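Quick notes on the structure that follows.
The values are calculated or read from the model by the stated rules, or taken from the named source; none is laboratory data. This is a predicted model, so every value here is computed, not measured. Virtual Cβ from ideal backbone geometry, glycine too; neighbours counted across all protein chains shown.
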Amino acid sequence: MKNGAMEKGAEKDIHILATRILLVRHGETDFNLTHRFQGRIDIPLNKEGKNQAQALALALKDEPLTAVYSSPLIRAMETARSIKAFHPSTPLFKEEGLAEMDLGEFDGMQAGDWGSQHQEFNKTWRTTPSRLKMPGGESLPEVQIRAIDTLERITKPYSPGSTLLLCSHNFVNRTILCHALGLPLDRFRDFQQDAAALNVLYKRGGQLLAEVVNDVSHLKKYEGASLQT
């Protein structure tokens, strides 16, 4: 699959001929708040995370969603269900390929403790993270292969002009965005994936382009708003 940031001259054609992908990250959990690695641990949204999911849902309520796909982890499913509330006829599918990176033995650790207990691993993680594999878990290249394969499989049945929403996680989203932006995985920190962030991608044939990355403007716009369908 080819990749790259979208050029202005290509915007009009790509909007018509491509599948539009709204790639979102789940809202905040208590593990996010306390800087603990959650990986595959099934942690629900906290109160702020639910508010963030509602704000994201309000921002997307008028989007013509063809289908919604979500990681099966509860924090992602809760976020996806908030969005789907405005789209009652749109199907929601659980998708294992969108589950967060398997952190193996590091799941549940507090970030500060991890840094002090695994100093050599942390040093490499800060410089060339793509070389590492989580003990008992996945590497970034493995996550990217899984994520892009999942993206290809999900989008294949839909015709150009469809809009799909994918709700996933920090590392999964970053590997997809690295691919779309033409960045090596060692540069996955070049952009953020904040809680309830929205990314807008376009897929045309074998080409994946990024138009919007880490948009969280809806969190301020709809702060305190109630979710009414």
Given (1) touching a helix residue (DSSP H, G or I) at 6+ places or on another chain (Cβ under 6 Å); (2) within 30 Å of Pro64 (Cα to Cα); (3) small (Gly, Ala, Ser), where does Gly137 come up short, assuming only one miss?
(2)
Go through the range 161-193 and count every residue that is touching a residue at least 40 places away in the same chain (Cβ under 8 Å), in contact with a strand residue (DSSP E or B) (Cβ under 6 Å, 6 or more places away or on another chain), not aliphatic (A, V, I, L, M) and not in a strand (DSSP E or B).
5
Every residue in the range 129-159 that is outside any helix (DSSP H, G or I) and of a type in the set (Lys, Arg), please.
Lys133, Lys156
Select from the range 134-150 the residues that are surrounded by fewer than 18 Cβ atoms within 10 Å (Cβ to Cβ) and among the hydroxyl-bearing types (Ser, Thr, Tyr) and list them in ascending order.
Ser139
In the range 97-132, how many are in contact (Cβ under 8 Å) with a residue 40 or more places away in the chain and exposed (fewer than 12 other Cβ atoms within 10 Å of the Cβ)?
2
Among the residues of the range 133-156, which ones are touching a residue at least 24 places away in the same chain (Cβ under 8 Å), closer than 30 Å to Leu17 by Cα and of a type in the set (D, E, K, R)?
Arg146, Asp149, Glu152, Arg153
Which pairs turn up if I take residues in the range 27-48 that are hydrophobic (A, V, I, L, M, F, W, C) and look for partners that are part of a loop (DSSP other than H, G, I, E, B) and surrounded by fewer than 17 Cβ atoms within 10 Å (Cβ to Cβ) with beta carbon separation below 6 Å, at least 6 apart in sequence or on another chain?
Ile41/Gly108
Of the listed residues (Ala210, Ala225), the one being over 23 Å from His35 (Cα atoms), aliphatic (A, V, I, L, M) and at pLDDT below 95 is Ala225
